[in-house]
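Please read the structure below before turning to the comments.
The values are calculated or read from the model by the stated rules, or taken from the named source; none is laboratory data. Predicted, not measured: the structure shown is a model, and the values here were computed from it. Cβ atoms come from the backbone with ideal geometry, glycine included; neighbour counts cover every protein chain shown.
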Amino acid sequence: MNPSTERSRRAGRGVVLAALLAAALLSAFFLFFDTYPDGNWEGKLVLVPKGSRLPEVAAILREGGILPHPLEFRALVLLTFSGRRLHYGEYAFPTPPSAFEAWRRLVRGDVIKYEVTVPPGANIYDVAKMLQEKRLVTEEAFLDAAASPDVVRRLGIPGESVEGYLFPDKYTFVKPVTPEEIIEFMVRQFRRKVPPDAEKRAREEGLSMHQVVTIASIIEKETGVEEERPIVSAVIRRRLALGMPLQMDPTVIYGVKRFDGTVTRKDLRTAGPYNTYLNRGLPPGPIANPGLASLAAALNPSKTEYLYFVSKNDGSHTFSRTLSEHNRAVERFRRAARENEG
């Protein structure tokens, strides 16, 4: 081996060992001696944006009151070659950190994680409200993105919004996050969870996948009783086949801009694309984000001849084959309701 090459290697190893030793000594100093001097500390939050470099991170920590003199932090990052290991996100500092502690948190990525649970049947307005309550994004920004033609087109959704394709699930997000990123994550989850043969089965039934999702969303809003889902699906399919109006209240509710909890006669008589009392066929798109059970029911309706159903006011329904049978069921439950009130 060339003597000069060997000397170069030894010198290189010596530099690395010296740097590691200096880093270890410096880290120990920060860990045991470098604490925040302010005795009136109040918990602080700082947000490190994606792509932030060391000078920017140091400035954020200084301006956020975490490290008034972050020189030690910068030195520690440089000596440990950890500049590319600093994680973006929102950090909480309930107690005064040392420079070492701040460095360790950012290297480990001890960020605040926000959990958002989207239940089956939640619509885009419900999801927007949840996200705003978590302070992730504003309702307005999320709804704008959810109806953005660019977003809808990029995600390959055949509708005017992403309604129906935000899969109900438990999600964990880290700030900063954009409405578009949240939507994309939920739509990807929809595509991961929906059976791969669903679109093929929809075509075999003479339906598009968008129509299946629309039917599933109506089922989701009409009943929460597991065994009733395929029956409600059958009612929808039969009414569509016979050219009857669906006459489903949840579709009307979705079309009412300011719904106060009660469907009125005026609502039923107000023209709109989601009024299935006035319009035949399916509404133009989903009215909520259905879960797997309702999607399965939309593809697998039960073999029944039911055309009508009425709520028992306990979450379940009575199903009928004829209008006269349905009217008797309606009167029976109205009478029971009056007796309960009396």
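Could you check, for the stretch 122-138, whether at least one of its residues is of a type in the set (Gly, Ala, Ser) and more than 20 Å from LEU292 (Cα to Cα)? Step through it out loud before you land on a result.
First pass over the stretch 122-138, keeping only residues of a type in the set (Gly, Ala, Ser): 122, 128.
Retained after the next criterion (residues that are more than 20 Å from LEU292 (Cα to Cα)): 128.
The answer is yes, given that some residue of the stretch 122-138 is of a type in the set (Gly, Ala, Ser) and more than 20 Å from LEU292 (Cα to Cα).
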Query raised in the report: Restricting attention to the stretch 211-225, does a residue exist that is over 22 Å from ASN123 (Cα atoms) and either among the polar types (S, T, N, Q) or at pLDDT 95 or above (or both)?
Result: no
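Search the stretch 178-219 for residues being among the polar types (S, T, N, Q) and buried (at least 16 other Cβ atoms within 10 Å of the Cβ), and hand back the single one that is farthest from the chain's Cα centre (by Cα).
Applying the first criterion (among the polar types (S, T, N, Q)) to the stretch 178-219 yields 178, 189, 208, 211, 214, 217.
Within this subset, residues satisfying the condition of being buried (at least 16 other Cβ atoms within 10 Å of the Cβ) are 189, 211, 214, 217.
On the way: GLN189: 9, GLN211: 22, THR214: 19, SER217: 17 Å.
Out of the qualifying residues, it is GLN211.
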Requested in this report: Might you check whether a residue that is in a loop (DSSP other than H, G, I, E, B), under 25 Å from the mean Cα position of the chain (by Cα), closer than 14 Å to SER233 by Cβ and modelled with pLDDT of 95 or more occurs anywhere in the stretch 271-286?
Outcome: no
Query - Contacts under 9 angstrom Cβ, first residue in the stretch 101-120 being within 14 Å of GLU133 (Cβ to Cβ), partner of a type in the set (Ser, Thr, Tyr), 6 or more apart - result: TYR114/TYR171; TYR114/THR172; GLU115/TYR171; GLU115/THR172; VAL116/TYR171; VAL116/THR172; THR117/TYR171; VAL118/TYR171
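Which residue is surrounded by the most Cβ atoms within 10 Å (Cβ to Cβ), if the candidates are limited to the stretch 76-123 and must be polar (S, T, N, Q) and closer than 30 Å to THR251 by Cα? Before the answer, list the steps.
Applying the first criterion (polar (S, T, N, Q)) to the stretch 76-123 yields 80, 82, 95, 98, 117, 123.
Narrowing further to those that are closer than 30 Å to THR251 by Cα: 117, 123.
Values: THR117: 10, ASN123: 22.
My answer is ASN123.
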Requested in this report: Could you please find all residues in the stretch 287-334 being outside any loop (DSSP other than H, G, I, E, B), polar (S, T, N, Q) and touching a residue at least 40 places away in the same chain (Cβ under 8 Å)?
Outcome: SER294
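Is it the case that the stretch 57-68 has a residue that's closer than 18 Å to LYS175 by Cα, surrounded by fewer than 18 Cβ atoms within 10 Å (Cβ to Cβ) and of a type in the set (Val, Ile, Thr)? Break it down into steps so the answer makes sense when it comes.
Here is the first cut: in the stretch 57-68, the residues closer than 18 Å to LYS175 by Cα are 57, 60-61, 64.
Filter once more, so that each one left must be surrounded by fewer than 18 Cβ atoms within 10 Å (Cβ to Cβ): 64.
From what is left, the residues that are of a type in the set (Val, Ile, Thr) are none.
Taking every residue of the stretch 57-68 in turn, none turns out to be closer than 18 Å to LYS175 by Cα, surrounded by fewer than 18 Cβ atoms within 10 Å (Cβ to Cβ) and of a type in the set (Val, Ile, Thr).
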**Report entry** Given (1) crowded, with 17+ Cβ neighbours inside 10 Å; (2) not assigned by TED's automatic domain parsing to the domain that holds PRO68, number of the condition ASP126 does not satisfy
**Finding:** (1)
